Structures are given as structure tokens and as C-alpha cells.
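Novice: First the structure, then my questions, so here it is.
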Amino acid sequence: MKVLVVGGGGREHALCWAISASALCDKLYCAPGNAGIAAVAECVPVAAEDIDGQVKLAKEKDIDFVVVGPEVPLVLGLVDKLEAAGIPAFGPSAAAAALEGSKGFTKDMCAKYDIPTAAYGRFTAVAPALEFLQQQKLPIVVKADGLAAGKGVVIAESMDQAEAAVREMLSGSFGEAGASLVIEEFLNGEEASFFALVDGKTALPLASAQDHKRVGDGDTGLNTGGMGAYSPAPVVTEAMAARVMREIIEPTVAAMTDMGRPFKGVLFAGLMIDNGVPKLLEYNTRFGDPECQVLMTRLKSDLLPALMAARDGTLSHVDLRWRDETALTVVMAAKGYPGAYDKGSEIRGLDAANAMPDAHVFHAGTASKDGKILATGGRVLAVTAAGATAAEAQTKAYAAVDKIDWPGGFCRRDIGWRAIKR
Ligand code: AMP
Ligand code: GLY
């Protein structure tokens, strides 16, 4: 078969790496891809958000199956358009991607179908939002409704801060994403990510992971797209995974069908677990980045037939095998990220890093020029390794990181600390 992966980040490199190893895949394309993906797929310069361009590409190349990586094309309806053109695609319809595209939609669904989550209110005007705030305890969480690339959440420690966040979001600084907002109760506990494949009716649990959202060691500094991750997350025991499936994932799948928006694709639940009780913080409707890199490192089974079964509605026949080891990935980012950063600095030592035991470097923002690998994004590499324990995976991942010669980059040095502390 001919397969097209849409996107060009570390997540898509991991997906391409897994799909290129599938016995079913004869030819793999990735659009737009990056310098690392070019080693396993033919990259075509069409942007992930260019919906018409992606459909045109899939038709031109006579693609049999499309896998959509990022959220923006999902919310814009890429899967709907591909399916309408007769091209099978993995990922939710635009209607089902509302689980990620509108936090208010998800909160209302949780309320209606009794899915555990933080108490909340939904607002489109400043005055009622401020009035609601007066009755809340601190800290309090203010969220822009729509996609905001991880920047639409403010955890306010004071009422002044909460009010400022409400005014700013509703003033239009987040564009349409902030035209509506959610104010919700602050939840204590330990965060974890949980992934399941869904085919419209059946949900197949994948694995758990933990991300590191802050830019600095010790979870300090600004929020980012994710500076590193590992899988499994020790807080998600087998019993906890079963509970999350029963109380959160399965009721969501049933609710979406009930609302006429059957969900197909990958459900990525952001959870807060407190005293053994899981609550939903948010849904994403795609693989996480960098969580995908650690999931693919642990997956033993062929990914492609599982993704096809999710699209076809035949997941109940699928059984996936995982390595027991911990996989851990360290994101290397351009200095300055998540603020302003330079592009175009050269990265050396990638072959040496890839040659380290059980290590693999996934590329996120890279391009090759005149035989050199250059950094082209904020998050640039995801250096990944597997080990018998989180500590071993961490040692191996940093041994590979230390082979990389990139003066323009930096990384956190403590990825995995929570699992290792246990
Ligand atoms: P979200 O994009 O909704 O996952 O929010 C981004 C981050 O903000 C989460 O990963 C949490 O660390 C934090 N967060 C969001 N909602 C809450 C909440 N209700 N209570 C505590 N922390 C939260
Ligand atoms: N790493 C978090 C995300 O992909 O949203």
C-alpha cells in the first residue's frame, strides 16, 4: 500500500518510523516531513494545514491510507475531505475533533454524561465571567476555548490575575480561540497522559506516558509543547488504566456516538490523578508530541493495521503488544524556545547519537542543506532510548544527547525525575 503521513514534527517522524517498518507499507510519503523523516519516507513540501493541498497530493500519489498527525488539519476537516474523495484516513472528523478544538464542548459533554472532570463555567462575555470568579476559590484555571498551541491556559494564583486573564482572552488576543472561555476548578494531584485507539465504538488502550511541559529543570519556567516524556507512567497502574477506560474513555466513546459525532482516531486524555481518583483535564484527538516518540519505541506490534482497523471499525479484532521496558525521550530545542529563537544553526553528531545502545533520534524541526542538518524550529530533536527501568532509559537517552554537537540548542537534564524518584 501507499501511505501518506501528514505533518513534520517529532511525532510524525515516530509515526513514519513505525509505519515504514510495516509489512503492509510499500511506499511512504510524508508532507511536509523533515530531514529525519526523509530517511524513511519521501517528503513532499505541502503544509499540514493546507487542506486542499493535502487532498490533492493524496489523489496525485494514489494514496491508499492517510495518517494525520497534528490537530489543526483535523479540526479543519482534513479527514472529512479525504474520505469524501474516497481516500481512507486515520483521525477524527472535524465534528469529533471538537473534543480538542473546543474545551467548552468537552466540558459540556463531561457534565451531560457524568465523566469525572473539574467543576467549571463557560463564558463569552466579561461581566458574567467576573461575577462567576467572585464565587470561586484560588487558585483558579482560565482556559481559552479553542486551539491555542498550549498557550491558552492560565493558572491564576490571585483574583487580579484571573480577572486579567479573562479580560485578555475575551478581548480578542487569542483570536477566535478566545472568543469563548472555560473557568474551572484547580485540581491537585499527579498528571499523566493516557492514549487509546478508537474506531467509533470500540476503544483499545495503548499506553500511558508523562510529559514535562515546563521549559526548565525542576518543572520551572514557561510552558512549552513538551520538553520530554516517558512511558509507561508509574502512576497509571493496571488497575488505574482499567478505571480510566471504564470511567472516562468508554463513556466518551459512547457519548460521542450518542451526540452524532462518532469518534475515530486516537484519544489522548490528559488526566489528573489524586489519591487514586482520575479526572479528565482535557482531551487531545491525536498522538502527543513527544509522547508518540516513546509510545512507538515501546510498540512491538505493527502500527499500520491497528490504525487501519480504527478507521474501518474493526478494532475489536486487534491486540497490540508492548515492550515492558521504559522508553524516555529528551527534547532538544533551539536556545530561546519557547520565546524567540534563531533558525539555521548546524547540528552535528547525529550518527554518533543514533549509534548509542537502544537510542534513536527523532527529528522535529530540521532541514538538510548542502549535506548539513540545520535546526528550523523551536523543538528540534527528540532523543529517545529504552531501558529496563526509567533510570536506565534516562542514562541511555542522555548518553545519546551528549553525542550531539549543537551549540544553538539546549535540553532539560531531568527528564523522568518523577518516575525515578519513585
Ligand atoms: P490543558 O491544555 O487543558 O491540558 O492545560 C495545560 C496544563 O495546565 C495541564 O497540563 C495542567 O498542568 C494544567 N491544568 C489545566 N487544567 C487544570 C486544572 N483544572 N487544575 C490543575 N491544573 C490544570
Ligand atoms: N505533549 C503534549 C501534546 O502533544 O499536546
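The values are calculated or read from the model by the stated rules, or taken from the named source; none is laboratory data. Keep in mind it's a predicted model, so treat the numbers as computed, not measured. Cβ placement follows ideal geometry from the backbone for every residue including glycine, while neighbour counts extend to all protein chains displayed.
Novice: Do you know which residues across the stretch 221-251 are within 16 Å of ligand 1 (Cβ to nearest atom) and hydrophobic (A, V, I, L, M, F, W, C)?
Specialist: The answer is L222, M227, A229, A233, V235, V236, V244, I248.
Novice: When you go through (1) on the phi < 0 side of the Ramachandran plot; (2) within 16 Å of ligand 2 (Cβ to nearest atom); (3) in contact with a Leu (Cβ under 8 Å, 6 or more places away or on another chain) one by one for K151, which number turns out not to apply?
Specialist: Among (1) on the phi < 0 side of the Ramachandran plot; (2) within 16 Å of ligand 2 (Cβ to nearest atom); (3) in contact with a Leu (Cβ under 8 Å, 6 or more places away or on another chain), K151 violates only (3).
Novice: On to the next question. Check the stretch 191-206 and report whether any residue there is within 12 Å of ligand 1 (Cβ to nearest atom), surrounded by fewer than 21 Cβ atoms within 10 Å (Cβ to Cβ) and of a type outside the set (A, V, I, L, M, F, W, C).
Specialist: yes
Novice: Applying the selection to the stretch 374-416, what residues are surrounded by 18 or more Cβ atoms within 10 Å (Cβ to Cβ), part of a helix (DSSP H, G or I) and not basic (K, R)?
Specialist: Those that are surrounded by 18 or more Cβ atoms within 10 Å (Cβ to Cβ), part of a helix (DSSP H, G or I) and not basic (K, R): A390, A393, Q394, A397, Y398, A400, V401.
Novice: Shifting gears a bit: If only one of S22, S102 is more than 25 Å from S301 (Cβ to Cβ) and among the polar types (S, T, N, Q), which one is it?
Specialist: None of the others qualify; the one that does is S102.
Novice: When the stretch 267-317 is examined, which residues are found to be under 20 Å from V5 (Cα atoms), surrounded by 23 or more Cβ atoms within 10 Å (Cβ to Cβ) and within 16 Å of ligand 1 (Cβ to nearest atom)?
Specialist: L267, F268, T285, R286, F287, D289, P290, E291
Novice: Would a scan of the stretch 203-226 turn up a residue that is among the β-branched types (V, I, T) and at pLDDT below 95?
Specialist: Taking every residue of the stretch 203-226 in turn, at least one turns out to be among the β-branched types (V, I, T) and at pLDDT below 95.
Novice: Which members of the stretch 197-216 meet the condition of being farther than 16 Å from L328 by Cα, part of a loop (DSSP other than H, G, I, E, B) and of a type outside the set (S, T, Y)?
Specialist: Within the stretch 197-216, G200, K201 qualify.
Novice: From the list P32, P45, which residue is touching a residue at least 12 places away in the same chain (Cβ under 8 Å), more than 30 Å from R167 (Cβ to Cβ), of a type outside the set (K, R) and surrounded by fewer than 17 Cβ atoms within 10 Å (Cβ to Cβ)?
Specialist: P45
Novice: Take the residues of the stretch 241-295 that are among the aliphatic types (A, V, I, L, M) and under 13 Å from the mean Cα position of the chain (by Cα): which is nearest to I19 (Cα to Cα)?
Specialist: Within the stretch 241-295, the match that is nearest to I19 (Cα to Cα) is L295.
Novice: Also, quick follow-up: Quickly run through the stretch 275-302 and pick out the residues that are outside any loop (DSSP other than H, G, I, E, B), farther than 20 Å from A242 by Cβ, within 14 Å of ligand 2 (Cβ to nearest atom) and touching an Asp or Glu at 6+ places or on another chain (Cβ under 9 Å).
Specialist: Selection gives E282, N284, E291, C292.
Novice: Test of understanding: among A419, A397, which residue is among the small types (G, A, S), closer than 12 Å to V331 by Cβ and under 24 Å from the mean Cα position of the chain (by Cα)?
Specialist: Checking each option against the conditions leaves just A397.
Novice: Name the pairs whose Cβ atoms lie under 7 Å apart, with the first residue in the stretch 119-142 and loosely packed, with under 15 Cβ neighbours inside 10 Å, the second in a strand (DSSP E or B) and of a type in the set (D, E), and 6 or more positions between them or separate chains?
Specialist: What qualifies is A119/E184; A119/E185.
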